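Asker: Please see the structure below; I have some questions.
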Amino acid sequence: MKAAAWMAALLLAGCGDDVSGAGEGTSGGASTSSGSTTLPGGTTSSETSLGSGGELDIPDVDPDGSSTSTGASSSSTGVDAACGDGEHEPGELCFGGPIALAGVGSSPTGLAAADLDGDGHLDVALAGTAESQVVTAYGDGTGVLTLGESLPAGLQPREVAIADLDGNGEPDIAASNLGTNYVAVYLQEKGTFGAQMPQAAGLRTRGLAIADVNDDGNPDLLAAAEMSGTLEVLLGNGDGTFIPAVSYPAGVEAYGVATGDLDGNGTLDVAIPNFGTNTVTTFSGIGDGTFAEGAPWVVASAPRAIEVFDFNLDGNLDLLAPSFDVQFVSILPGDGAGAFGDYVPLLVGQGPYDSVVADMNLDGLPDLVTAARNAGAVSVVLQLRDGTFEEQEFFVALNPLALVIADFNEDGSPDVGVTDAFGGALVVLPSNP
């Protein structure tokens, strides 16, 4: 399908009925740490594929390539899929009842998933903003999570990310802190996390991602500083310490961070949504940990989060940014050389706050999952083989805020993890094929 037809399909795609929910509440952003896909083995895939407006060359998944919708479950084979029968039918979208873990703090925000304790099951870390702590929860492979440690943080921790920062083979945690203007690093040693190690990173440090931007094999920290309006780059030494931050101007109220090779030169680039200027700023990586001057790209309105993914499957990375107040996720098609076309608004659930791209129905096509904050729901927009889109909503919480996609119940289908900012809970929406 040509770019014009694909864009028209996005413009015409409608939303399902929204469930009545809470208002906006506390404000916040999102980053690749909370907007990420975690694979069954506990590996978090970087959001590094998003395309320009070329041909939508969708690979064949089944013999006839057809797709039908049957409400909560659809099948790419043209046969009604039955949720709960244990059969993974490509095209079906099936979830069981939400599994809630209370006691994670009165205003949980950022969320990341990984196997923290090495037992083969996915765990999570989240930012407990109101109590100024980072909370861990441990999974048992069924979708159930149990509270772990509460790690003292700076004032108002906002986003979390997980990676082995000191090279000892154990995952560590990093958390951005709005009120204390730093990223806190928690190094793990034999199952125990140490005290926070603050890394200064701009005024009101909000968005956070971990990536190796200078190609030295060591993970680096990338932060968005809201009040500074900057990208903060902290290069890692490989032992859990970091070189002092270097700042790059982004835009007014920089909120989140995502990485990917946007210009096709083999080095990582960075994208930051600017809540105050209705733009996303991209920074082309030089390859040595430095970046060229940022380039702004207009989106629908007040973006709070950013995702990098080849959404139209043309081989180029695209940008996706949710706009809370206009119920859109703006899709900016990339040309593979670092430039992006005009945004195309994709309608999602009410109050989109965080969004993640993942193949939710296992049909080989990327779908869009959004925390619909005002609807109290997870909004899933399925990309169909005929170039159209179908949105379904699943009530999960009073005030869903941050998302992570991961196979928590180890059945081979993606589950959704979401924080409930009003209910003080972590909710898993488990797949039920």
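The values are calculated or read from the model by the stated rules, or taken from the named source; none is laboratory data. Keep in mind it's a predicted model, so treat the numbers as computed, not measured. Don't worry about glycine lacking a Cβ; one is built from the backbone with ideal geometry, like all the others, and counts go over all protein chains shown. With ligands, DNA and RNA removed, areas are computed over all heavy atoms of the protein, side chains included. Shrake-Rupley method; radii C 1.70, N 1.55, O 1.52, S 1.80 Å.
Asker: Which of the peptides 307-317, 182-192, 234-244 is most tightly packed, and how do the rest follow, going by the mean number of other Cβ atoms within 10 Å of each residue?
Answerer: 307-317, 182-192, 234-244
Asker: Sorting check: for 369-379, 214-224, 148-158, which peptide has the highest mean count of neighbouring beta carbons within 10 Å, and how do the rest follow?
Answerer: In descending order of packing, they fall as 369-379, 214-224, 148-158.
Asker: Enter the accessible area per residue of region 174-301 (Å², integer; probe 1.4 Å; all protein chains in place).
Answerer: 35
Asker: Measure off, as a whole percent, the carbon and sulfur share of the 1.4 Å-probe accessible area of region 166-268, all protein chains present.
Answerer: It is 54 percent, rounded to a whole number.
Asker: May I ask you to evaluate 6.51 cos²θ - 1.76 cosθ + 1.60, the Karplus curve with θ = phi - 60°, for each residue of region 100-117 and list the ³J(HN,Hα) values in order in whole Hz, giving x for glycine and proline?
Answerer: With coefficients 6.51, -1.76 and 1.60, one gets 9, 10, 8, x, 8, x, 6, 8, x, 10, x, 8, 9, 10, 5, 7, 6, 9 Hz.
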